[in-house]
Amino acid sequence: MKLSIITVTYNRFDVLESCLQSIAAQKQHLDFEYVLVDGNSNDGTTALLTRYSSIIDKLIIEPDSGIYEALNKGILACSGDIIGFLHSDDVYENEMILAMIFQLFRVSPDVDVISGKTELFDSSLNKKLRAFSSDRWRIFYFILGVMPPHCSTFIRKYVYQELGYFDQRFNSAADFDFFLRILIKKKFKIIQIEDVLIKMRAGGKSTLGWRSYIRTTKEIAFGLRKNKLFIAWPLLILRFLVKKVIR
């Protein structure tokens, strides 16, 4: 059994090094495959990747249409049986996270998906802003527009192969759609753990202001409609309040 971790990046030189350092720390405790997909950055990222080439097992540098095409490229490039993601502005909560996840899968061969918690921090990773629970694997939560944290979820590769990867029609909610497909299939075993796995910087694609919020809300509605679920527009629009109530 083998674990693969994917990072996709584009012009994130300012934060990428902390991500790479976090990967290097994990590699001190577990032998895993690290795949990095860069959308042909022009901000100095290439030189940074050269400095950290010893920890990158597969490097793809080419233009893409957006984050989900890049993520799909990473998945297709992976040789591991289990896939996780570390986004370019995120870090692991401690250096033993991947060793722990690998062990959980090793002793639970019937488990297909493992989700942990994510904590959202300011740009310096010093001030915690909020936490995202792993306990969101129910259709009810998805109808509310709430999902488990993508970056703290690890999935066996055959799940992606069976369900068809991320839908590239989405700009910021293809992970919502993919997780919903996992639930609707009703054949995959999911476990939720209480451990915090990821420290995430505020300012990601789905956390950037009201314009982004409106766009993501529309995409969530599209994901619900695509999967033949009820759309509760008032709850979707006010999901930031819902998250505060149920977190």
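The values are calculated or read from the model by the stated rules, or taken from the named source; none is laboratory data. Owing to the predicted nature of the structure, the values given are computational and were not obtained by experimental measurement. A quick note on method: Cβ atoms are made from the backbone with ideal geometry, for glycine too, and the neighbour counts reach across all protein chains shown.
Kindly evaluate LEU49 against the criterion of being aliphatic (A, V, I, L, M) and either under 26 Å from PHE105 (Cα atoms) or part of a loop (DSSP other than H, G, I, E, B) (or both). Can you show your working first?
On the way: aliphatic (A, V, I, L, M): yes; either under 26 Å from PHE105 (Cα atoms) or part of a loop (DSSP other than H, G, I, E, B) (or both): no.
Here the answer is no, as LEU49 does not meet what is asked.
Residues in segment 131-168 that are more than 25 Å from LEU104 (Cβ to Cβ) and either in a strand (DSSP E or B) or of a type outside the set (Phe, Trp, Tyr) (or both): ILE143, LEU144, GLY145, GLY164, ASP167, GLN168. The set of residues in segment 92-135 that are among the basic types (Lys, Arg), without any contact (Cβ under 8 Å) to a residue 24 or more places away in the chain and over 20 Å from SER18 (Cβ atoms) is empty. Just to verify a result, which residue in segment 1-26, among those that are in contact with a Phe, Trp or Tyr (Cβ under 6 Å, 6 or more places away or on another chain) and in a strand (DSSP E or B), is nearest to LEU76 (Cα to Cα)? Result: ILE6.
Listed by first and then second residue, the pairs with beta-carbon distance under 6 Å, at least 6 apart or on different chains, first residue in segment 71-85 and under 19 Å from GLY39 (Cα atoms), second basic (Lys, Arg) and surrounded by fewer than 22 Cβ atoms within 10 Å (Cβ to Cβ), are ALA77/LYS58. Can you pull out the residues in segment 22-46 that are under 17 Å from ALA99 (Cα atoms) and either of a type in the set (Gly, Ala, Ser) or exposed (fewer than 14 other Cβ atoms within 10 Å of the Cβ) (or both)? Residues satisfying the conditions are SER22, ALA24, ALA25, GLN28, ASP31.
With respect to ASP112, determine if the residue is at pLDDT 95 or above and either of a type in the set (Gly, Ala, Ser) or more than 19 Å from the chain's Cα centre (by Cα) (or both). Spelling it out, it is not the case that ASP112 is at pLDDT 95 or above and either of a type in the set (Gly, Ala, Ser) or more than 19 Å from the chain's Cα centre (by Cα) (or both). Filtering segment 206-219 to residues that are surrounded by 13 or more Cβ atoms within 10 Å (Cβ to Cβ), at pLDDT 65 or above and either of a type in the set (Gly, Ala, Ser) or not in a helix (DSSP H, G or I) (or both) leaves only SER212.
Among the residues of segment 114-128, is any surrounded by fewer than 16 Cβ atoms within 10 Å (Cβ to Cβ), assigned to a strand (DSSP E or B) and in contact with a Phe, Trp or Tyr (Cβ under 6 Å, 6 or more places away or on another chain)?
Of all residues in segment 114-128, those surrounded by fewer than 16 Cβ atoms within 10 Å (Cβ to Cβ) come to 122-124, 126-128.
Those still in the list that are assigned to a strand (DSSP E or B) too: 128.
Pick out the ones that are also in contact with a Phe, Trp or Tyr (Cβ under 6 Å, 6 or more places away or on another chain) and you get 128.
Yes, some residue in segment 114-128 is surrounded by fewer than 16 Cβ atoms within 10 Å (Cβ to Cβ), assigned to a strand (DSSP E or B) and in contact with a Phe, Trp or Tyr (Cβ under 6 Å, 6 or more places away or on another chain).
When residues in segment 193-205 are screened for being crowded, with 18+ Cβ neighbours inside 10 Å and either under 15 Å from ILE139 (Cβ atoms) or touching a Leu at 6+ places or on another chain (Cβ under 7 Å) (or both), 3 of them pass. Taken together, the residues in segment 27-36 that are closer than 18 Å to VAL8 by Cα and either assigned to a helix (DSSP H, G or I) or in contact (Cβ under 8 Å) with a residue 40 or more places away in the chain (or both) amount to 3.
Is it fair to say THR46 is in contact with an Asp or Glu (Cβ under 7 Å, 6 or more places away or on another chain) and of a type in the set (Val, Ile, Thr)? So THR46 does not fit the description; no.
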